[in-house]
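Before any comments, here is the structure.
Just so you know, all these numbers are worked out from the coordinates, no wet-lab data involved. Given the structure is predicted, the values throughout are model-derived calculations rather than measurements. Counting neighbours? That spans all protein chains shown, and the Cβs are built from the backbone with ideal geometry, glycine included.
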C-alpha cells in the first residue's frame, strides 16, 4: 500500500489558485509555499514586489501546520494558552516553526494529510484565505 503524496502539479495548481484569489481580492504581493507531508518544499512562488521575508514566513507557517497536524490559525490559538511551549518549539526547530494564521493543511478526499500550504504578504486572515482557495481550486481539501 503506497502512502498518499502531493504531486508537483497539485502544488503548482494550489499556488495558481491562491494567486488568483489574492489578485481577485486586491491583496499585496504574496509569497506562497507548498510542503509535502514530511515538511519538504514542493513548490514556492514569490510575486514581484513581495519582500525577502515572504518565503521564510510562508514556509514556517506551513511547516508548523504539517508538523503539528493543524492549521496555523489553530496553532496560534493554542500558543496563546501555552506560550512557553510554542516559543520552545520555534527555538528547537531553528525558527522553522511559526504559529501564526496563514497556513492550512492539504488533505485528499479520504482525509489523509498530503502537506500544507502557507502564505505571507497580507494579514493572517488574507494569507489563510488564499491558501484555502488554492487548495480547493486544486480539487483537494483543507484542514
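Can you give me the C-alpha center-to-center distance between the range 117-142 and the range 30-58, rounded to a whole angstrom? Centre-to-centre (Cα) distance: 12 Å. Grouping the Cα pair distances of the range 66-143 into 5 Å bins from zero gives a pair-distance distribution of 3, 17, 24, 23, 18, 10, 4, 0 percent in increasing distance order. Site pair residue 88 and residue 48 shows an inter-label distance of 4.8 nm when each label is modelled 7 Å from Cα along Cα→Cβ.
The alpha carbons of the chain give a radius of gyration and a Dmax of 13.8, 44 Å, in that order.
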